Amino acid sequence: ACGGSSEKSDSSNAGSENDGNDIQELTIKFSHVVAENTPKHQGALAMKEYIEKESDGKIKVEIYPNSSLFGDQDEYQNLVANNVQFIAPDLSKFVGQNPQFNVTSLPFAFPSDDEAIAFWDGEKGQEILRSLTDDGVLGLYMWPNGGKHMTNAKKPIEKPEDLKGMKFRTQGGQVQEAIYSALGAGSESIPFGELYTALDQGVVDGQDNTLSNIESKKFDEVQKYMTIMNHNRVDYAVFTNTKFWDSLNEPTKEIIEAGVEKGTEKARSEAKALNDAALETIKERGNVKITELTPEQIEVFKEALQPIYDQFEDEIGADVYEAIRAVSE
Ligand code: LMR
């Protein structure tokens, strides 16, 4: 019975109505900005494999890595327009839509992937992920990448004063800006696809990112120092277009939903290993001098950044802070 589909569609009408019981023929686009050797791309691949296999090839998933289809600047508006059906941007890039997405940038909020996952799977996290329905965007799952570490071209960072006078690139958001300003540094938000060149040309002195992003984009080629800090995180929201989602008939939606779950499992289980392996590769390349902070040195950064919690309590919410504490303590 599965072979007898009468409904035919292609990428140009992904999102057309279909109330039938046959799997819809669709081409789904998944666009992202990072390289292939990263948790996000590995998650997207697992999702593609599952969906294409389970649908006997009726549903095709095209993955566009490295900002090759859309970049940070335009992927959201293209999701809203249903030109792409899945994106998985860094949560901190959505603070313009909802300041609660600043959670991922709060200093030292989550010790590891596990606590961040527990927060975003919990009630408050789910509320935030699903807060973009007015734009026609549905947040499905959080995919982790990991803790961020600082790189720069000027000097080793061991204490807050070391950042004075430097300028850092941010992913975006008021909390990230406040972090750098509390540490005496300037900051500028720059799309990920332009970051290598910005570092190379000295538009900014440094940046913070996960090890897999630093390694796979070779930022260490254009930086001299790296400090292992884990001061905040890159985590993603898997976003889809609500109109596209609602246009899927039951058997089609079931497969795609299960595919997103497979991708979620993959991203969550691979993130730490990919970041650990990236650190080894960065060490082998030997381009940056790596500083590992002692617990006492970390404590000094924590204290310097603690006032940020008060500063943003009204915007992010005391209830959200409580939910973070509940998973992290
Ligand atoms: C960055 O812009 O540094 C990251 O958010 C990129 C990404 O998607 O991991």
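The values are calculated or read from the model by the stated rules, or taken from the named source; none is laboratory data. Bear in mind that the values here come from a model prediction, so they are computed numbers and not experimental data. Cβ coordinates were reconstructed from backbone atoms using ideal geometry, including for glycine residues, and neighbour counts include every protein chain displayed. Surface accessibility is based on the protein's heavy atoms, side chains included, excluding ligands, DNA and RNA. Shrake-Rupley method; radii C 1.70, N 1.55, O 1.52, S 1.80 Å.
Data overview
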{"quantity": "Where Asn18 falls short, out of the listed (1) more than 20 Å from Ser247 (Cβ to Cβ); (2) at pLDDT below 95", "calculated": "(1)"}
{"quantity": "Given (1) touching a residue at least 60 places away in the same chain (Cβ under 8 Å); (2) within 16 Å of the ligand (Cβ to nearest atom), index of the condition Lys124 fails", "calculated": "(2)"}
{"quantity": "Of all residues making up the stretch 75-101, the number that are in a loop (DSSP other than H, G, I, E, B) and either of a type in the set (A, V, I, L, M, F, W, C) or surrounded by 16 or more Cβ atoms within 10 Å (Cβ to Cβ) (or both)", "calculated": "9"}
{"quantity": "Residues of the stretch 74-98 that turn out to be of a type in the set (Phe, Trp, Tyr) and within 13 Å of the ligand (Cβ to nearest atom), as a count", "calculated": "2"}
{"quantity": "Residue check for Glu115: away from the ligand (no atom under 16 Å from the Cβ), modelled with pLDDT of 95 or more and more than 28 Å from Ala273 (Cβ to Cβ)", "calculated": "no"}
{"quantity": "Output for the stretch 162-214, where each listed residue is touching a residue at least 40 places away in the same chain (Cβ under 8 Å), within 16 Å of the ligand (Cβ to nearest atom) and of a type in the set (Gly, Ala, Ser)", "calculated": "Gly172, Gly173, Gly193, Gly206, Ser212"}
{"quantity": "Considering residues of the stretch 190-221 that are open to solvent by 20 Å² or more (accessible area, probe 1.4 Å) and among the β-branched types (Val, Ile, Thr) only, the residue farthest from Pro89 (Cα to Cα)", "calculated": "Val203"}
{"quantity": "Cβ-Cβ under 7 Å pairs, at least 6 apart or on other chains, the stretch 266-294 side on the phi < 0 side of the Ramachandran plot, far side open to solvent by 70 Å² or more (accessible area, probe 1.4 Å) and in a helix (DSSP H, G or I)", "calculated": "Asn287/Glu221; Ile290/Lys283"}
